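The values are calculated or read from the model by the stated rules, or taken from the named source; none is laboratory data. Model, not experiment: these values are computed from the prediction. Note that each Cβ is placed from the backbone with ideal geometry, even for glycine, and that neighbours are counted across all protein chains shown.
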Amino acid sequence: MNFSLNVNGKARKADVDADTPLLWVLRDTLGLTGAKYGCGAVMCGACTVHVDGLAKRACALPVSLLQDAKVQTIEGLADSPAGKALQQSWVELQVVQCGYCQSGQLMQAAALLQSNPQPSDADIDSVMSGNLCRCGTYHRIRAAIKHAAQALGAGAQGSTA
């Protein structure tokens, strides 16, 4: 079947079976390889993307459910202020160790900051708990999210003065 998708603000076409997971459409059909295959069972978060602004696991999300949805991948994350701030914080605080899970971590963190611009440690831990990092960089991830939230807050305060 032929599906029309809105991915990172662009109309894209995919000729795939209706039950094809979004992850494989993104990676194999559209060439967007930022989202990673981790477990295939919605348990690790490596495949996290945004669907209509919400963090979703692309490994088990059939493309047939996305006809009118807006999909954002890690490749389009810097188009939002929160995404850009998070990417800068990730670099500044040297979050990445092996890097495999980091696109999913960033996408989950961006969804958090969109819904909660000033999260507490408990908020961060709760929302990020479904994204696994085999290298154990959880403390650096939390610090980078807080750093990005502070940068976004300072930017908002600076723009109103």
- Can you name the number of the only condition in (1) without any contact (Cβ under 8 Å) to a residue 60 or more places away in the chain; (2) more than 23 Å from Val25 (Cβ to Cβ) that Gln114 fails? (1)
- Yes/no for Val95 being over 12 Å from the mean Cα position of the chain (by Cα), among the hydrophobic types (A, V, I, L, M, F, W, C) and under 22 Å from Leu152 (Cα atoms): yes
- Are any residues in segment 106-117 crowded, with 19+ Cβ neighbours inside 10 Å, farther than 14 Å from Gln72 by Cα and touching a Leu at 6+ places or on another chain (Cβ under 9 Å), and if so, which ones? Leu113
- Task: Could you grab the pairs with beta carbons closer than 6 Å, sequence gap of 6+ or different chains, first residue in segment 50-77 and acidic (Asp, Glu), second one in a strand (DSSP E or B) and surrounded by fewer than 21 Cβ atoms within 10 Å (Cβ to Cβ)?
- Result: Asp52/Lys70
- Message: Are there strands (runs of 3 or more DSSP E) fully within segment 1-87 with at least 2 residues that are charged (D, E, K, R) and surrounded by fewer than 13 Cβ atoms within 10 Å (Cβ to Cβ)? List them.
- Response: 10-15
- Query: Looking at Gly158, is it farther than 21 Å from Gly76 by Cβ, at pLDDT below 95 and surrounded by 13 or more Cβ atoms within 10 Å (Cβ to Cβ)?
  - Reply: no
- Item | Unique residue being in the same structural domain as Ile141 (by TED's automatic domain parsing) and of a type outside the set (Asp, Glu) when the list is Ala85, Ala35 | Ala85
- Can you name the condition, by its number, that Met1 falls short on among (1) within 17 Å of the chain's Cα centre (by Cα); (2) modelled with pLDDT under 95? (1)
- Of the conditions (1) at positive phi; (2) in contact with a Pro (Cβ under 6 Å, 6 or more places away or on another chain), Asp19 fails just one. Which one is it? (1)
- If we keep only residues of segment 81-123 that are out of contact with any helix residue (DSSP H, G or I) (no Cβ under 7 Å at 6 or more places or on another chain) and of a type in the set (Ser, Thr, Tyr), then the residue nearest to Asp52 (Cα to Cα) is Ser115
- Scanning segment 88-103 for residues that are among the polar types (S, T, N, Q) and surrounded by fewer than 19 Cβ atoms within 10 Å (Cβ to Cβ), the one farthest from Met1 (Cα to Cα) turns out to be Gln94
